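Novice: Dumping the structure here so I can ask a few things about it.
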Amino acid sequence: MRVASYYLVAGIPLDREMDRLRALPVFAAGPLVAKRPQLRIRRAAKKPNRLGFAVPTEHRLSVTAYPGIGPGDVLETLLHELTHLHVGRAREAHAWHGPTFKRTLAQAMREAYGLEVPTPRSTLHGVYAEAIAAASPSLPRTDAELFERSVATLVHSWAYLASGSPGAAVVRGRGATIAAFVHDPDRQFLNNTLLSGAAAASGRTLDAVERVYAERGIDRFAIWVHEADADLAGAVEARGYRYDSSTRTMAMPIADLAEVDTSPLDLVEKPSPERFWRVDGPDGLLPQLAAEGAHFYVARCRGVSAATLMAFDHGGDCGIYMVGTTPAARRQGLATMLSAHAIAEARARGCTTVSLQSTPMAEGVYAGIGFRDLGRFHEYVPE
């Protein structure tokens, strides 16, 4: 008996997906229905020439995982090899990839993933992969795509918060997204700039960042640089900024959420932003924030409001922000349960991924419910 993680490739449990595919009408009355095939997962250090193979006489198949493999590639390979087990060696000129195989695979793709594409001339792996990914927005995603979506959600959440703060703005320039908050107490926490790309290392970009803050009388702000951008970090440090702290970007396909018992949660029904801030935030924070722009959660502990979470949706990704627990209610699993509850509701709203920025203290909690580590953002502040 294999452990469940053995079959997990690109976030997809291939053993469960294989069982779903075996029941497709195209495979009715064939060997796949009569007997479950033996599925083997091979793991390679780089992309191999063959992504899978099938041995119909032994009723077994193999799928190869490699770094960077996408869900579309995985699903195409699995269904391709299952089709080989169903068709076997056909009695025609091209016994393995002839007309019968092509027609059967095309029909299987229609039934499995709703693909209405002409039967391709080629049966090489990759013919259907992009179409599967495009037609299946709920598929798990690569780390690179998760990161890209998480950043987009983050900067849009800054714009949402700015809409509730008098005089605030989010300024987007070449290589920089600058959140500028002038209202107190917002200015104490929310003045952040995200730098990315080669252009961000130029003196002009940093000039623009400093000008935006100086024009608004802001002298305390943080510049965010991903740990993978060593050259960019060096340019920021050379400018006279010092490292202050970091948060870790974490994200996952919502389908990867671990099972969490949320039944003990005692939730405040539809809390207003004002009530949300009162739990553990400063008075007067974001006084003009419209509640309908996000989803606010407050959980009680022994009848007292004790944990908060704000969920912000953008482009199918749900950002989890403002997670906090009062000191007296910590180490009771409130943040974990509240996160799982919010993620489940995001899934019901149609979101397919979820992302957040974690403090070092919370990284283990989020990893435990399925979040992937996408690297840290280092935060630099003026000397």
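Novice: Take ASP73, ASP244 and order them by how many other Cβ atoms sit within 10 Å, fewest up front.
Specialist: On the way: ASP73 26, ASP244 12.
Ordered by Cβ neighbours within 10 Å, fewest first: ASP244, ASP73.
Novice: Rank these for me by crowding, TYR366, TYR241, going from fewest to most other beta carbons within 10 Å. Please report the intermediate quantities before stating the final value.
Specialist: Working: TYR366 24, TYR241 19.
Sorted ascending by nearby Cβ count, the order is TYR241, TYR366.
Novice: Bin by bin, in steps of 10 Å, what percent of the Cα pairs in the range 286-344 do you find, going until the bin that has the longest distance?
Specialist: That works out to 22, 50, 25, 3, in percent per bin.
Novice: How many angstrom lie between the C-alpha centres of the range 39-114 and the range 7-23?
Specialist: Using only Cα atoms to place each centre, the spacing works out to 13 Å.
Novice: Given N residues in the range 240-326, what is Rg(Cα) / (2.2 N^0.38 Å)? Present the calculation step by step, with values, prior to reporting the outcome.
Specialist: Numbers: Rg = 15.3 Å, N = 87, 2.2 N^0.38 = 12.0 Å.
Compared with the compact-globule rule of thumb, the range 240-326 sits at 1.27.
Novice: Got the relative contact order for the range 290-364 handy, in percent, Cα pairs under 8 Å and 6 or more residues apart? Write out the running numbers ahead of the final one.
Specialist: Working: 103 pairs, mean separation 21.2, N = 75.
Relative contact order here is 28 percent.
Novice: Do the sum for the chain: with -39,500 (n - 2.57) for every DSSP H run of n ≥ 4, divided by all residues, what is the mean residue ellipticity at 222 nm, to the nearest 500 deg cm²/dmol? Could the numbers behind the result be given before it?
Specialist: Working: 11 runs with 123 residues, N = 383.
-10000 deg cm²/dmol, from helical runs alone.
Novice: Going through the range 187-283, which GluC sites (Glu not before Pro) have at most 12 other Cβ atoms within 10 Å and a DSSP loop state? Numbers along the way, then the final one.
Specialist: On the way: sites: GLU210, GLU215, GLU227, GLU237, GLU259, GLU269, GLU274; in loops: GLU227, GLU259, GLU269.
When the GluC sites (Glu not before Pro) of the range 187-283 are filtered for loop state and at most 12 Cβ neighbours within 10 Å, GLU259, GLU269 remain.
Novice: Sticking with this structure for a sec: For the range 213-224, what does the Karplus curve 6.51 cos²θ - 1.76 cosθ + 1.60, with θ = phi - 60°, yield as ³J(HN,Hα) per residue in whole Hz, taken in order and with x for Gly and Pro?
Specialist: Per-residue couplings from phi come out as 6, 5, 4, 9, x, 9, 10, 10, 7, 10, 10, 9 Hz.
Novice: Okay, next question. With a/c under 1.5 counting as rounded, go ahead and sort the chain into rounded, prolate or oblate using the C-alpha gyration tensor (a ≥ b ≥ c being the square roots of the eigenvalues; past the cut-off, prolate if a/b is larger than b/c, else oblate). Write out the running numbers ahead of the final one.
Specialist: Values: a/c = 2.72, a/b = 1.86, b/c = 1.47.
Prolate.
Novice: Looking at the range 1-80, which trypsin sites (Lys or Arg not before Pro) are in a loop (DSSP not H, G, I, E or B) and have at most 15 other Cβ atoms within 10 Å?
Specialist: Details: sites: ARG2, ARG16, ARG20, ARG22, LYS35, ARG40, ARG42, ARG43, LYS46, ARG50, ARG60; in loops: ARG2, LYS35, LYS46, ARG50.
Those satisfying the criteria are ARG2, LYS35, LYS46, ARG50.
Novice: Relative to the longest principal axis of the C-alpha atoms of the chain, give the angle of the C-alpha long axis of helix 71-87, reported between 0 and 90° and rounded to the nearest 10°.
Specialist: Tilt relative to the chain: about 10 degrees.
Novice: Taking only the alpha carbons of the range 141-197, what extent do you get along each of the three principal axes, in Å, biggest first?
Specialist: 39, 21, 16
Novice: How many angstrom separate the Cα center of the range 259-291 from the Cα center of the range 209-248?
Specialist: 30 Å
Novice: Now, a different point. Could you give me D for the range 193-284, from Stokes-Einstein at 25 °C and 0.890 mPa s, where the hydrodynamic radius is the Kirkwood radius over C-alpha pairs? Units µm² s⁻¹, please.
Specialist: Details: Rh = 17.4 Å.
Value of D from the Cα-based Kirkwood radius: 141 µm²/s.
Novice: Rg (Å, one decimal) plus Dmax (Å, integer) for the alpha carbons of the range 252-383?
Specialist: Gyration radius and largest Cα-Cα distance of the range 252-383: 14.8, 48 Å.
Novice: DSSP loop trypsin sites (Lys or Arg not before Pro) in the range 290-345 with at most 12 other Cβ atoms within 10 Å of their Cβ, which ones?
Specialist: Details: sites: ARG300, ARG302, ARG330, ARG331; in loops: ARG302, ARG330, ARG331.
Loop-located and lightly packed - ARG302, ARG331.
Novice: Using only C-alpha positions, report the orientation-averaged shadow area of the convex hull of the range 320-374, nm², one decimal. Kindly include the intermediate steps, with their values, before the conclusion.
Specialist: Numbers: hull surface 15.9 nm².
Projected over every direction and averaged, the Cα hull of the range 320-374 covers 4.0 nm².
Novice: Right, next: Where does each of TRP277, TRP96 land when they are ranked from fewest to most other beta-carbon atoms within 10 angstrom? All intermediate terms of the calculation are to be shown ahead of the outcome.
Specialist: Values: TRP277 21, TRP96 15.
Listed from fewest to most nearby Cβ atoms, that is TRP96, TRP277.
Novice: Let me ask something else about it. Could you pull out every Cys in the chain that lacks a partner Cys with its beta carbon under 4.7 Å away?
Specialist: By the Cβ distance rule, which asks for a partner under 4.7 Å, the isolated cysteines are CYS301.
Read the figures in this text as sums done on the coordinates, not as results from a lab. Nothing here was measured: the structure is a model prediction, and the numbers come from that model. Note: ideal-geometry Cβ built from the backbone for every residue, glycine included; neighbour counts use all protein chains shown.
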